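> There's a structure below that I have some questions on.
FYI, it's all coordinate maths here, none of it is from the lab. Given the structure is predicted, the values throughout are model-derived calculations rather than measurements. Because the Cβ atoms are built from the backbone with ideal geometry, glycine has one as well, and the counts that use them run over all protein chains shown.
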Amino acid sequence: MSAYKGEDVERLPNGLEIQPTTLENLRRFAEAGFLYAVIDSADAPAVPEKARELGDEAAVSLFKGSAEEEYWAVAPYLFKVSPETLDWIVETLWKEPWGVFAMSKTGLEELRTHFRRFLIAQLPDGKRWFFRYYDPRILKLYIETAAARDLASFYGTVRGFVTLSGPNEQLSLLRFSTTGQPELPHRQIWEITPEQFATFANRAEQDFQRRVEVFLMEHLPRQTSRVSPEDLSGAIAAGISRARSYGIRGESSITAFVAMLIEVGPHFDESTLFHRLASDPSLSPESLMRVLVITATDQDWLEMRSLSAARSVRGGLSG
């Protein structure tokens, strides 16, 4: 996608403008009463607690009805952000991909109705997906790839989203002017295009590979220090692919498979024990690695290690 930069503003063909902003600018919007935040409460119990403390006039769940009652602990919440709430977000949530800010002169309940429209999206294959657009990583990918008329509907009365990302914790203002842009007719289900879904899938795979890399560097520092970052990344990608070839799909199971390739040897899956377990119809692929570790004898470990003659992690995984 082409774009040009000038005066620290990046302008995309769909009308989106991206520019750096500051916490001080957010505070000014909060003081004026125009700052909101959509915050993910999954793995963050402080969020629903804070919402209850502030009350319905300042914080509401984006879920309604039975979903609001049943899933209150993992729901996304819409906050009207005062300077005090902004301080709380910075102090409590800042280091995680907690959510996004939104600038709007619309009231809390009207904005809640607007944001609820996009919680469920239809994928290109017709399946429905819970659309976590309030994840800053997903939001930026989505609006960068959306058509202008889709953005007109998605933004509505929101004049800008602000996300926090990057190693330097850069705040980015994502602006889109709906002036002159025809808003799409109201859709019962929001739609994700094939191109957008492919973008999400690619980014999800990159993020997964990075999580595996962090795990390996933390738990296998001696082995991972022997190879270059490029070779390690290639080894991880190849290992993930091999794990999936055995029907392994869970993130923790794939991570265990890749760790075994590096710690025990790049040909451990050619061992007698692995083949026996992998061909056992009563054993699910997700339990394969756990059962292997539990049942392996000293002789099995010796065979798995002896099969791995290649000394290079990269060479072994690709061989």
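> Kirkwood Rh, Cα Rg: Rg to Rh for the chain?
On the way: Rg = 23.7 Å, Rh = 22.5 Å.
For the chain, the value is 1.05.
> May I ask for the net charge around Arg112, where only other residues with Cβ less than 13 Å from the Cβ of Arg112 are counted and Lys, Arg are +1 while Asp, Glu are -1?
Details: positive: Lys64, Lys80, Arg116, Arg117; negative: Asp56, Glu57, Glu68, Glu109, Glu110.
Charge balance near Arg112 sits at -1.
> Could you tell me the number of lysine pairs in the chain with C-alpha atoms less than 24 Å from each other, where the two lysines are 8 or more residues apart or belong to different chains?
Summing the qualifying lysine pairs gives 14.
> For region 1-98, what mean projected area does the convex hull of the alpha carbons give, in nm²? Working shown, then result.
Values: hull surface 33.4 nm².
Reported value for the Cα convex hull: 8.3 nm².
> Let me ask something else about it. Using DSSP loop states and a limit of at most 10 other Cβ atoms within 10 Å to flag GluC sites (Glu not before Pro), what is the longest stretch of the chain containing no flagged site?
On the way: sites that count: Glu7, Glu57, Glu169.
That would be 170-319.
> Glu84 to Arg137: FRET efficiency via 1/(1 + (r/R0)^6), r the Cβ-Cβ distance, R0 30 Å, to the nearest 0.05?
On the way: r = 27 Å, r/R0 = 0.91.
Efficiency at R0 = 30 Å is approximately 0.65.
> Okay, next question. Compute the long axis of helix 194-219 from its Cα atoms, compare it with the longest principal axis of the Cα atoms of the chain, and write down the angle in degrees, 0 to 90, nearest 10.
Tilt relative to the chain: about 50 degrees.
> Another question, if that's okay. With the calculation restricted to Cα positions, what are the radius of gyration and Dmax of region 200-318 in angstrom?
Gyration radius and largest Cα-Cα distance of region 200-318: 13.8, 44 Å.
> With each run of n ≥ 4 DSSP H residues scored as -39500 (n - 2.57), what mean residue ellipticity at 222 nm is computed for the chain after dividing by its residue count and rounding to the nearest 500 deg cm²/dmol?
Values: 15 runs with 153 residues, N = 319.
Taken over the chain, the calculation gives -14000 deg cm²/dmol.
> Next up: Using a Förster distance of 30 Å, how high is the FRET efficiency between Tyr71 and Thr157, based on the Cβ-Cβ distance and rounded to 0.05? The partial results should precede the final answer.
Details: r = 26 Å, r/R0 = 0.88.
It comes out at approximately 0.70.
> For the Cα atoms of the chain, what angle does the longest principal axis make with the long axis of helix 23-32, in degrees from 0 to 90, nearest 10?
Helix 23-32 sits at roughly 40 degrees to that axis.
> Relative to the longest principal axis of the chain, what angle (0 to 90°, nearest 10) does the C-alpha long axis of helix 229-245 take?
80 degrees
> Points 7 angstrom from Cα along the Cβ direction at Ser241 and Trp301: gap in nanometres?
Label-label distance for Ser241 and Trp301, simple model: 3.1 nm.
> Okay, next question. Can you list the equivalent-ellipsoid semi-axes of region 81-231, largest first and in whole Å, using the square root of 5 times each Cα gyration tensor eigenvalue? Don't jump to the answer; show the numbers that get you there.
Details: eigenvalues 212, 94, 34 Å².
Square roots of five times the eigenvalues give 33, 22, 13 Å.
> What Kirkwood hydrodynamic radius, in Å, does region 41-167 give when the mean of 1/r is taken over all pairs of distinct Cα atoms and then inverted?
Numbers: mean 1/r = 0.0645 Å⁻¹.
For region 41-167, inverting the mean 1/r across all distinct Cα pairs yields 15.5 Å.
> Who wins for biggest fluctuation among Ser153, Ser104, Ser279 in a Gaussian network model of the chain, springs between alpha carbons below 10 Å?
Ser279
> Quick one: Karplus J couplings for region 263-271, per residue in order, coefficients 6.51, -1.76, 1.60, θ = phi - 60°, nearest Hz, x for Gly and Pro?
Working through the residues one at a time gives 7, 8, x, x, 10, 4, 7, 9, 6 Hz.
> Could you give the nm distance between label points at Glu110 and Lys127, where each point is 7 Å from its Cα heading toward the beta carbon?
3.8 nm
> List every residue whose amide H lies under 5 Å from the amide H of Ala102, counting only residues 5 or more places away in sequence or on a different chain, with H placed 1.01 Å from N in the peptide plane.
Sorted by chain and number, the residues that satisfy this are Tyr36, Ala37, Val38, Val162.
> In square nanometres, what is the average projected area of the Cα convex hull of region 64-118?
Average of the hull's projected areas for region 64-118 equals 4.6 nm².
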